[in-house]
1. Going through segment 187-201 one residue at a time, which ones are farther than 19 Å from D116 by Cα and touching a strand residue (DSSP E or B) at 6+ places or on another chain (Cβ under 7 Å)?
2. Find all pairs meeting these conditions: Cβ atoms under 8 angstrom apart; at least six residues apart or on different chains; first residue within segment 24-36 and basic (K, R); second residue surrounded by 15 or more Cβ atoms within 10 Å (Cβ to Cβ).
3. Of all residues being polar (S, T, N, Q) and either closer than 21 Å to P34 by Cα or touching a Pro at 6+ places or on another chain (Cβ under 7 Å) (or both) in segment 52-98, which is modelled with the lowest pLDDT? Just the residue, please.
4. T455 - would you say it is at pLDDT below 75 and β-branched (V, I, T)?
5. From the set of residues in segment 537-550 that are free of Cβ contacts under 8 Å to residues at least 12 places away in the same chain and more than 11 Å from I563 (Cβ to Cβ), which is surrounded by the fewest Cβ atoms within 10 Å (Cβ to Cβ)?
6. Name the residues in segment 367-390 that are among the hydroxyl-bearing types (S, T, Y) and out of contact with any Leu (no Cβ under 6 Å at 6 or more places or on another chain), would you?
7. If you go through segment 37-50, how many residues are within 15 Å of L61 (Cβ to Cβ) and of a type outside the set (A, V, I, L, M, F, W, C)?
8. Specify the residue that is farthest from the chain's Cα centre (by Cα); the eligible residues are those in segment 128-170 that are of a type in the set (S, T, Y) and farther than 16 Å from N266 by Cβ.
Amino acid sequence: MALPGLLRRRFPEITCGFYFHCPFPSSEFFQMLPVREALLHGVLGADLVVFNHFDYVRHFLNVCTRMLGLESSPSRVEYNGRLISLGICPMGIDPAKYALTPKVEANVEMLKRQQDGMKIIVGVHKLDFCKGIPEMLEAMEYLLQHYPEYRGKVVLYAVVRDAGRTSSLQYRMLSRQINELVGRVNGKFGTAEYCPVRYLKQSIDHDQLVALYNCADVAIVSSIKEGINLQAMEFIAAQKKSCHGVLVYSEFAGCASSFQGALLVNPMHIEQVAASVDTALRMNNTTKRIRHHQLSRYVNTYTSTLWAQRIMSALNEAAATAQEYNRLDKLDTAQLLGYYERSQRRLFLLDYDGTLVNYQSMEELAEPSAALMSCLEDLTADPHNTVYIISGRNKNRLQEWFGHLPRVGLAAEHGYWFRPASKHPFKPNTDSGGDILTGRTSEDSPHTAESTLSTEENPLASSSSSVIGSESAIRERAPWQCMFSDVELEWRDEVESILEHFTERTPGSLLDVKDCCYTWHFRDADPTFGLKQAKDMQLHFDQMLRDLPVGVVMCRIKKYVMIRPWRVNKGRAVSRILEYESETPYFTALDFDFILALGDERTDEDMFDVVQGSNCYTCTVGMKVSRAQYYLEDPDEVLRVLTACTSLMAAERQPLSG
């Protein structure tokens, strides 16, 4: 299962299909696997994933939603910016291989002489736990026990191919159980002339197998769980005689719904299996012929040749769909560093969660690492660099983490709050105490006065590099400003009461109340129920707020619903940052000859829309459908790229210091 992902990583443009021959388990069983995510990521490296039955497609989609939070439809899954097609194509056989040849006919005559008019039941299986071999033997025992008229008149050929599996302890135990059951049935009902169970623990010759199928009056498929049983198809194809045999088929095996000509049974219900065998043995020739005709039509239509043709056709179609779908190029780090080295005015616009650090389910666990802090310090040490972190987190949390880095500008709550980078002299409007970006005073904005964090309130702010002169002292105390103090927030009370209602009724959900927006997290709720509640919430607020300048954003990957004013977004935040930088006496926003914008989710798309131009690099984290130009794999790769930029700076300074 991991192979498609490994191939995709090594050869990104490869066309790859994956056929899942065995049943795909439900999410309750799949989530028990310790490597469940790795297996899913591996399978999703393919362009086409094909199953034997629709139930397995449904299980796969459910697992992708619950484990990875992926968006999907009944026939497609969106993953890492790729569209993976899903298909249903049960495997078939080549019926011509089971035709009656002279050698087969000779074996048929020999079998008939050996059995001397006895009814033949056949069960051909591989030695496996899912094949239901013990259940088949128990059903035979029950048949002879409760239908005594069959004693001495019915024989079961149990052909079990172990293929060397007895080297495993579990398979040796299964083999021992089968041996004990065979011995018990033969010991209880056998005589010197009669052996009710002929146990063949070997792979028999093909002609002998076809002859056995041809002579059989009943074939039993007792699988507990199976993708599709090809031995059942072989039995049907080999039935060329006028008096056809009857197929007793497990309802848990693949294509059971298509085998309407068979007698479907629950193999765990031993009495039912025995009763079905009795029905098959008593069935008249007309009914047998009708049932065989239905089964034969399926087997001769859905052959192995057709299966291969359908797989290749679906794979080509999936590859074409993938090519048409929006595909991003991997960021060429060498090219980026070349532009970086030649540039003089550089701007870094960085999202936080999922970009600089891995996304965490608990806010407290998302604290920046020492390596990240060191990288940011090195970036801002270059006077040519201006760095801003634009996050959805509240300003207090960003201040706690980055307040001691005055040269790192901060935009909290998607830009509602703004703390400018102190690289250039910051000149607050001391006369009015107003917002330098909007022109509004602190009296106009009730949030502005309380949001200003002085050096006394945050002692970390004084721990940065040495202060030179009064101008630098002002620069170190750059306060938080409200960038959208004129945004209407009268809708908040009504929205908050509804959000609390959803939170109370969705176990595991969490409501995050911020100054201008609300974020309802359902990451710790049941995946299926949480997603349903999120969809209901989005639909409700879309109707309720349709006449207000308020937007509702749902992110399935990070599992949250956000309600915020339309005007407050990262795109407008970047525009305001560029406005602020153009107001400094040193240069205008147009003087930036290198801009790198990094983000990882839907809210960052607004930022990518604003950052356009030949000198701009927009990059999303994780390959996905995005308006960004490029992608990087994960936050670790983001940190490596930023660290590479700082390494160039160190290389430039080293000759000077020498």
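The values are calculated or read from the model by the stated rules, or taken from the named source; none is laboratory data. These figures come from a predicted structure and were not determined experimentally. Reconstructed Cβ throughout: ideal geometry from the backbone, glycine too, with neighbour counts over all protein chains shown.
1. Step one: filter segment 187-201 for residues farther than 19 Å from D116 by Cα, giving 187-188, 200-201.
The answer is L200, K201.
2. If the second residue must be surrounded by 15 or more Cβ atoms within 10 Å (Cβ to Cβ), the pairs left are R36/F30; R36/V63; R36/M67.
3. The first filter runs over segment 52-98 and keeps only residues polar (S, T, N, Q), leaving 52, 62, 65, 72-73, 75, 80, 85.
Now narrow it down to the ones that are either closer than 21 Å to P34 by Cα or touching a Pro at 6+ places or on another chain (Cβ under 7 Å) (or both): 52, 62, 65.
Numbers: N52: 85, N62: 88, T65: 82.
Filtering segment 52-98 for residues that are polar (S, T, N, Q) and either closer than 21 Å to P34 by Cα or touching a Pro at 6+ places or on another chain (Cβ under 7 Å) (or both), the one modelled with the lowest pLDDT comes out as T65.
4. It is true that T455 is at pLDDT below 75 and β-branched (V, I, T).
5. Top of the filtered list is D547.
6. Let us first name the residues in segment 367-390 that are among the hydroxyl-bearing types (S, T, Y), namely 369, 374, 380, 386, 388.
Within segment 367-390, S369, S374, T380 qualify.
7. 0
8. Taking segment 128-170 first, the residues of a type in the set (S, T, Y) are 142, 147, 150, 157, 166-168.
Retained after the next criterion (residues that are farther than 16 Å from N266 by Cβ): 147, 150, 157, 166-168.
Numbers: Y147: 52, Y150: 53, Y157: 44, T166: 36, S167: 35, S168: 33 Å.
Per the criteria, the residue is Y150.
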